[in-house]
Amino acid sequence: MHTVTITICGILLTLLAAFIQPVQAETLPDKITIESLKDLYGPVTFGHAQHIARERDCAVCHHHTNGAPASQEKCLRCHRGGHEVKSMGCKSCHEKQPFSAEQVNGKFKNNLQFHQDKPGLKASYHLSCIGCHKQKGAGPVACVDCHVLTSSGEAFYRAGKNAPDPNKAGKTGHH
């Protein structure tokens, strides 16, 4: 009797584990290249597989979705239809230009909408990545740890010979 109960429990646990598995590993990219500001910065390569292996929980970064259809009543007000999320990438929820006229006007049209205060794409990267890296004491936290200026970025931020001397930071009122 004991053996039968243990066997049945084992089978049920195996079936349950199969149904609650997150997105299959073969559909996830190992690396993600972020190029949202490619006119000013070179691409930033994000080690997606490395973070999956370390965290083992997609919700650590993908904080409002696991890819499944919305089920909570407050979510269904806008996320109707019951389909799975097509993309769990940051840019599928966070706008590249959050302060554009279109985005700002859209927020005022529906003032009962949730996520009114969600940060834009750039802010979400920085809040999530740097915040987690500081909290865990691991990973890059300084701008130059991830970002390399392009020649356009160099001209925009450094202003050539008119730029403050970075070796005199704090003495000129800049940097």
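The values are calculated or read from the model by the stated rules, or taken from the named source; none is laboratory data. Because the structure is a prediction, the values reported are computed rather than measured. Glycine also receives a Cβ, built like all others from the backbone with ideal geometry; neighbour counts cover every protein chain displayed.
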Taking Cys75 as meeting all but one of (1) outside any helix (DSSP H, G or I); (2) at pLDDT 50 or above; (3) surrounded by 14 or more Cβ atoms within 10 Å (Cβ to Cβ), write down the number of the exception. (1)
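Residues are listed down the side, and each one gets a yes or a no for (1) surrounded by 11 or more Cβ atoms within 10 Å (Cβ to Cβ); (2) in contact with a Pro (Cβ under 9 Å, 6 or more places away or on another chain); (3) at pLDDT 80 or above; (4) among the polar types (S, T, N, Q):
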residue: Ala101; (1), (2), (3), (4): no, no, no, no
residue: Phe108; (1), (2), (3), (4): no, no, no, no
residue: Phe114; (1), (2), (3), (4): yes, no, no, no
residue: Pro140; (1), (2), (3), (4): yes, no, yes, no
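Among the listed residues Gly131, Gly120, identify the single one that is exposed (fewer than 12 other Cβ atoms within 10 Å of the Cβ), closer than 29 Å to Cys146 by Cβ, at pLDDT 70 or above and under 13 Å from the mean Cα position of the chain (by Cα).
On the way: Gly120 fails: exposed (fewer than 12 other Cβ atoms within 10 Å of the Cβ).
Selected residue: Gly131, the only one of Gly131, Gly120 that is exposed (fewer than 12 other Cβ atoms within 10 Å of the Cβ), closer than 29 Å to Cys146 by Cβ, at pLDDT 70 or above and under 13 Å from the mean Cα position of the chain (by Cα).
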